[in-house]
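Here is the structure we will look at.
Derivation of every value follows stated rules applied to the coordinates shown; laboratory data play no part. Keep in mind the model is a prediction, meaning the values are calculated, not measured. FYI the Cβ positions are ideal-geometry reconstructions off the backbone, even for glycines, and counts take in every protein chain you see.
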């Protein structure tokens with residue numbers, strides 16, 4: 001398989017996942033797509049070195065984080081949310097619950113938001129998150145604790161019933 | 001609300017995603033252009049370098065601040081090529097001697113080491129305490145004595161020249177000591193650490209002075225004297241900074257940043273003693289007399305601000321953070337002046353100190369040895 005084809009195949013597989021991560025960070029699907037495109041372009045430049053698939057994904061995530069944290073166009077989800085709610089969300093839960101977590105994320109500093117998304121969406125370990133973001137594992141832990149406290153404050157404590165009703169329809 | 005709920009909510013939030021555009025193809029085309037630009041040797045955007053370096057290039061994109069800075073002047077900070085130590089070294093803290101010629105580090109292996117600031121070479125052997133790890137180091141104002149604070153709760157005195165221990169240790173605490181410092185006149189020594197206790201000691205006789213000063217939390221991470229020696233500022237593990245009158249040993253003030261959900265990282269008095277800069281997640285200046293915040297909060301980084309110092313003239317603040325950023329701030333207007341982009345994975349900074357002569361900075365990091373930086377002007 002040609003060099004470029006190999007990259008494109010990787011990009012096809014990786015981009016949906018990367019875009020979702022980017023969306024959780026910036027709350028805007030268009031911006032998320034831009035970020036992923038930029039990140040993947042940089043991945044291509046390094047492609048010869050990182051062609052092994054699992055290394056490529058980690059590299060792509062790291063590059064995406066760099067692009068996101070550096071991007072001055074970072075929007076806060078609450079500003080653009082009204083554009084994003086589709087008219088016919090057949091299986092999707094009520095818009096309010098999506099609004100809730102994205103609003104809560106918007107209240108976190110970008111670094112803390114990145115930690116939350118990497119740990120609880122991408123399911124990376126503390127060490128992996130530290131490697132992606134270039135900080136210490138201790139920093140990741142303290143960021144996580146702080147972020148969860150803040151999220152709890154914003155989201156409020158839910159009863160088990162309310163939670164089940166919301167998410168397990 | 002536990003982690004599982006958060007996971008579920010995040011998974012939820014992405015439902016109803018729109019179809020993906022031709023991202024892969026566009027990325028390929030953009031990547032080819034980027035690669036061409038890089039090969040042509042054009043600096044292009046910093047993004048090109050970011051794509052190539054394995055290092056984390058966050059520093060190169062400091063939002064809103066170009067290397068020249070809005071003030072239009074280049075950063076006053078220059079990287080020095082070397083480092084104090086070898087790649088495996090991981091000092092936690094660094095401290096300058098009063099003549100700015102020696103740097104003491106408290107290393108990850110529990111020892112203290114002395115380094116020549118000029119040559120960056122280790123001076124003599126490492127200083128070890130049997131059965132304990134050294135966490136704090138400080139020079140006496142005369143510069144001939146180094147005091148170490150260790151995990152056994154003891155403060156020990158060492159000859160800077162011979163590295164031999166001088167006299168008996170001070171049994172300062174039953175708990176780990178984290179911070180030790182001399183008063184500017186050398187007459188007092190302050191210790192702090194686990195157990196939430198801050199104590200003063202006679203610098204010569206090593207006997208306790210007064211009663212322990214108790215914080216309401218279990219750990220005091222740092223204690224510093226004001227430039228005139230009349231106040232102490234202590235950093236609690238819950239994010240509170242307390243000000244104490246040294247003579248009466250009574251608390252005279254408290255700075256609580258309710259927005260800061262976490263750890264204090266560093267504190268620094270201005271040279272005139274009127275301002276205390278406090279670095280946590282963000283950076284704030286506080287009036288020492290009124291205990292109120294002065295001016296705007298500064299945001300050096302998306303991550304914790306791990307170190308802050310004032311320059312000698314008090315006009316500039318310098319900060320470091322774990323995402324490879326060193327930044328300068330106008331101490332009066334709180335505007336960012338410049339950012340120093342630092343490449344390399346071992347420059348995720350964990351602390352910062354300035355030499356007494358104001359010409360050098362010393363940084364420690366999470367992944368590498370301590371480094372020195374020249375300060376111009």
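Some observations on this one:
- FRET efficiency, residue B:166 to residue B:81 (Cβ-Cβ, R0 35 Å, nearest 0.05): 0.50
- Residues of the stretch A:11-51 with amide N under 19 Å of the 7 Å Cα→Cβ point at residue B:15: A:17, A:20-21, A:23-25, A:27-29
- Taking a ≥ b ≥ c as the square roots of the eigenvalues of the alpha carbon gyration tensor, the stretch B:82-161 is oblate, as a/c is not under 1.5 and a/b does not beat b/c.
- Cα gyration tensor shape of the stretch A:1-67, rounded if a/c is under 1.5, else prolate or oblate by comparing a/b with b/c: prolate
- Look at the alpha carbon pairs under 8 Å that are at least 6 residues apart: their mean separation over the length of the stretch B:248-377 gives a relative contact order of 15 percent.
- Sequence-separation-based contact order of chain B, relative, with Cα cut under 8 Å and 6+ spacing, percent: 15 percent
- In this simple spin-label model, placing a label point 7 Å from the Cα along the Cα-to-Cβ direction at both residue B:248 and residue B:228 gives a separation of 1.5 nm.
- With a 10 Å cut-off around each Cβ of A:44-50, the average count of Cβ atoms from other chains is 6.
- Against the empirical curve 2.2 N^0.38 Å, the C-alpha radius of gyration of the stretch B:132-184 lands at a ratio of 1.05.
- For the pair residue B:108 and residue A:4, label points projected 7 Å from Cα toward Cβ lie 4.4 nm apart.
- Here each label is just a point 7 Å from Cα along the line to Cβ, and for residue A:58 and residue A:152 those points are 3.2 nm apart.
- Our helix-only sum for chain B, with -39,500 (n - 2.57) per DSSP H run of n ≥ 4 divided by its residues, gives a mean residue ellipticity at 222 nm of -3000 deg cm²/dmol.
- Shape of the stretch B:196-311 from the C-alpha gyration tensor: prolate (a/c of 1.5 or more and a/b above b/c, with a ≥ b ≥ c the square roots of its eigenvalues).
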